[in-house]
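Input: a single structure, listed below in structure tokens.
The values are calculated or read from the model by the stated rules, or taken from the named source; none is laboratory data. Model, not experiment: these values are computed from the prediction. When we count neighbours, we look across all protein chains shown, and the Cβ atoms used for this are built from the backbone with ideal geometry, even at glycine. Accessible surface is based on the protein model in full, side chains and every heavy atom, while ligands, DNA and RNA are left aside. Shrake-Rupley method; radii C 1.70, N 1.55, O 1.52, S 1.80 Å.
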Amino acid sequence: MPLARNWLLLARLVALAILPALPVAAQAPEGGSVSGVVTKADDQAPLAGVQVRVKGLDRLSTVTGTDGRYTLRRVPAGTVTLVFRWVGFQPEEKSVTVADGQQQTVDVALASAPLALGELVVTGVSLAPERIVEAPAAVSVVDPQVLQANSVTGQAPLALSNIPGVDLAQNGVNDFNVNARGFNSSLNRRILTLLDGRDLAIAFLGSQEWASLPVPMEDLQKIEMVRGPGSALYGNNAFSGVLNMRTPLVRDSKGGRLSIGGGELNTVRSDARYSYLSASQRWGVRFAGGYNVSDTWTRSRTAPTDFRNEYAGIGGGAGIPALGAEVRPLDGQVTAGLGQPATGDRDLIRNWYATTRFDYYAGDNVLTLEGGLSHVENEVFVTGIGRVQVPRAIKPFTRVAWNSKRLNLMAYWNGRNSLDPQVSLASGAGLEEKSNIFHVEAQSNLEFAGTRGRVIYGTSYRRTMVNTSGTLMRPVNDDRSDWIASGFAQLEYRLTDQVKLVGASRVDGGNLFDTQLSPKAALVYSPSEDHSIHASVNRAFMTPNYSEFFLSAAAGAPVNLSALEAGLRANAALGPALAGVPNGALFTTSAAVPVRAEGNANLRPEETVGFEIGYKGNIGKSAYVTADFYTSRLRNFVTDLLPGINPAFQPWTAPTAVPEVARAQLETAVRGQLLALSPLAGQGLTRLPDNGATAIVVSYGNAGEVVQRGIELGGGYQFTDEFRLDGTFTLFDFTVKSQAQGDQLLPNTPARKGTLSATYTGVRNGLDVNVSARLVGGFPWAAGVFVGNVPSQEMVNVTAGYRFSNSLRASLTATNVFDQQRFSIFGGAVIGRRILGMITTTF
């Protein structure tokens, strides 16, 4: 269907969905409004993330912003009861009398209380609010204090470090891979990462670019991590889980905030935000921006010994395999020639962002318009064909959304533009990417059988446009436009007050892959308000990225096969057959046979079917426990870049000038001699299908089947109102059922890992301190050209904050306090210590 017709059809669907909803807002009774501030009872510090709702009218709910403020609109006239709930605090109820057209103020101070899972509300599991103990999946919520404490780092993934089952593979300062439940990679795409419903993945690679996050961590209202397959509701790439990040409404973040900090690695960071709410409180606007500059742990590897020297003494030292020297040093450095060490100072990493958001409040409904721009400079990330540096790139975006109780509509545009060509450090080639993602979706829900049943359903359409100017894809595949259309529905029904059944399914179709059906079934048993057991089965899929489909780039320096040709010509049996072939042209250009990495347009999506059983609950008055066991079967893995696996690149054939009777003998001789010298060359020697030229090609294929299983444990104990301990422990195991020859199906994750965290929150002195330790066992790693062992790690992080007043706070964050030199991606940078301080003021 032509693009214009696709958009026209989608516009009609959206119009049909939204028009019936608008009269509801217009006919609703005026009511009144209630606003106020929620603080801690002990020190009057504002509390963010507190759920505020009208008792008996769950549709009238909101959460407090970073300044502790909230506003409820269109509250029915009369006396109503407000309920305030947040984990770690005693729930509070307040009665207030509301009059039509008038505003009431209700301020609340919540007293500290033992941790209670039952107070947490999540939306990422079922696309609708539900208590975490009743969610049909393994899900964790990041404590707002963790977001605030780590904001100075600009490293949002650090907030996930104490969630069971989560892998954090770090390369350099800002490049992270976030994964769960095994089979990580250099560019992980198995966790769908959303910010206010907007997919943050890069179009070409499908991975995350964390340095471009257009919001500081302390301005995130909530981060939810849902583990396990999630395609039934989210579709493509919700393979191992969903990371759901939310920012507050403008009215929930009134006023301004300014943070300035810095420290080791020559780090300087500043973030600013100001929110204005109109006098009528019908609309609000928020402006935000930030700037970050720092040195990096990444090192140039232009000399043959650089890689081994960088990893020397870490995880085996002498066991580190040799890799070819990179052609290009990091920006800012120079070399005296190929194979020479780099000299000079590396250019600093620089990132900045600016965003604007406008909200219009129409009763219970909210219209949001926002846009912004992120800029990244000098970041380095690890790919299957080696490291790539991004000198300068920008990522603009816009989003429009209409949110109400029964209907949610959203459309967004994500762009990415390499202002300067990205550079393959291994080959020196310039790589460009200009991409645009247009996405529209509609979601609705309704209740039936009183409040026992609920149906959630929706549809979405995405158009992705990618242009690499011939640097990463062949012209025939470049400057392309592709689409995905989806529809889903989920049914929930309470058989009894203790038993809830959940069933869901989603259909995804597009022009790059066959239609995918992703079903889900779950049962939740809640014997009491604070305990639940869930069991579920889910299917998920992950489509290949553009690189895997259409990559066409140099994978290494050309290979000289002149000696091989000379030997064949000197052979008494084969020499005469080569008389008609010009000298030096047996392999097109025998002195320089290119080594190419090529995509495979016939790849199928990877698939997983997972089974899970889990428990969440409070033990006594001061402890909580979560336990999840899962097993899943993964199939159709997209292999690493391998020779001979893509049928489009058949074994090399002799030139037409070679007589037919000698061709087979010559081809066998060439293959045999090359296999003895280099299996890659022997299996990968081929002729390119577009021009017939000889090349050594590595490509992708679908192969392999794995069964994986694991246990994820989490728990905490509140010793006093001021002090608590939390911990996690994760076991992982897998069995390879089949794999392609030459491929290594490794999960790139440890068999065991755990965390331990101690938190002190001063009741009267304004001091908060957290000390956490993350222990990760060593494990083998294989992703593209990087194959080796990742050593065990015992990282200790410390955060501390002191609140001088409700408007002034100082904080200190130390990651890897003991400066343990480790790498968590084989081929990534060695990570050291960083200590940063920050001052934050609100106004």
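Annotations for the structure displayed:
- For trypsin sites (Lys or Arg not before Pro), the sites in segment 440-473 that DSSP calls loop and that have at most 16 other Cβ atoms within 10 Å are ARG452.
- Helix runs (DSSP H) in the chain reaching 24 Å along axis by Cα, Kyte-Doolittle at least 0.0: 660-677
- Phi angles of segment 331-343 translate, via the Karplus equation with coefficients 6.51, -1.76, 1.60 and θ = phi - 60°, into HN-Hα couplings of 4, x, 10, 9, 10, 7, x, 4, x, 9, x, 7, 10 Hz per residue; Gly and Pro are given as x.
- Projected label distance in nm at GLU660 and THR631, using a 7 Å step from Cα toward the beta-carbon: 5.8 nm
- FRET efficiency, ILE839 to LEU517 (Cβ-Cβ, R0 41 Å, nearest 0.05): 0.20
- Potential lengthening of the chain between GLN650 and LEU491 amounts to 52.3 nm, from the contour at 0.36 nm per residue minus the alpha-carbon distance.
- Applying 0.36 nm per residue to the separation of THR79 and ASP345 and subtracting their alpha-carbon distance, the gain on full extension is 89.0 nm.
- Distance distribution P(r), the chain, all Cα-Cα pairs, bin width 10 angstrom from 0: 2, 12, 22, 25, 19, 10, 5, 3, 1, 0, 0 percent.
- Under Karplus coefficients 6.51, -1.76 and 1.60, residue-wise ³J(HN,Hα) of segment 36-48 in Hz, glycine/proline x: x, 10, 10, 10, 6, 5, 7, 10, 6, 6, x, 10, 8
- Across all directions, the average flat footprint of the convex hull enclosing the Cα atoms of segment 400-526 is 11.6 nm².
- Based on protein heavy atoms only, the chain ends up with 38 Å² per residue of surface accessible to a 1.4 Å probe.
- The chymotrypsin sites (Phe, Trp or Tyr not before Pro) of segment 703-776 meeting both criteria, a DSSP state outside H, G, I, E and B (loop) and at most 13 other C-beta atoms within 10 angstrom of the site's C-beta, are PHE719.
- The distance between label points at PHE719 and ALA535 comes to 3.9 nm (points 7 Å beyond Cα on the Cα→Cβ vector).
- Beyond 27 Å in Cα-Cα separation lie the following of the pairs LYS254/LYS621; LYS40/LYS500; LYS40/LYS222: LYS254/LYS621; LYS40/LYS500.
- Calculated on the Cα set of segment 114-220, radius of gyration then Dmax: 14.4, 46 Å.
- At 1.306 mPa s and 10 °C, Stokes D of segment 160-224 from Kirkwood alpha-carbon radius, µm² per second: 125 µm²/s
- Ignoring lysines fewer than eight residues from LYS434 along the same chain, the ones with Cα atoms less than 28 angstrom from its Cα are LYS395.
- FRET efficiency estimate (nearest 0.05) - Cβ-Cβ, TYR276 to LEU446, R0 35 angstrom: 0.45
- P(r) weight above 16 Å for segment 135-185, C-alpha pairs, percent: 46 percent
- For ALA758 and SER805, the FRET efficiency from 1/(1 + (r/R0)^6), where r spans their Cβ atoms and R0 equals 30 Å, is about 0.70.
- In sequence order, segment 604-610 has phi-based couplings of 9, x, 6, 10, 9, 10, x Hz under the Karplus curve 6.51 cos²θ - 1.76 cosθ + 1.60, θ = phi - 60°, and Gly or Pro positions carry x.
- Protein accessible area in the chain, 1.4 Å probe - carbon and sulfur %: 58 percent
- Euclidean distance between Cα centres, segment 425-496 to segment 559-609, Å: 41 Å
- The alpha carbon convex hull volume per residue for segment 371-460 rounds to 130 Å³.
- With semi-axes defined as the square roots of five times the eigenvalues of the C-alpha gyration tensor, the equivalent ellipsoid of segment 261-344 measures 47, 16, 12 Å, largest first.
- Think of each Lys and Arg Cβ as +1 and each Asp and Glu Cβ as -1; about the Cα centre, that makes the dipole of segment 300-437 roughly 380 debye.
- Annotation: amide H-H contacts under 5 Å for THR653 (H modelled 1.01 Å from N, sequence separation of 5 or more, or interchain): ARG687.
- Close amide-amide hydrogen proximity is noted between THR383 and VAL388, each under 5 Å apart and 5 or more residues distant or on a separate chain (H modeled in the peptide plane; Pro and chain starts excluded).
- Label-zone membership for segment 280-295, site ASP420, 7 angstrom Cα→C-beta point, backbone N under 20 Å: 291-295
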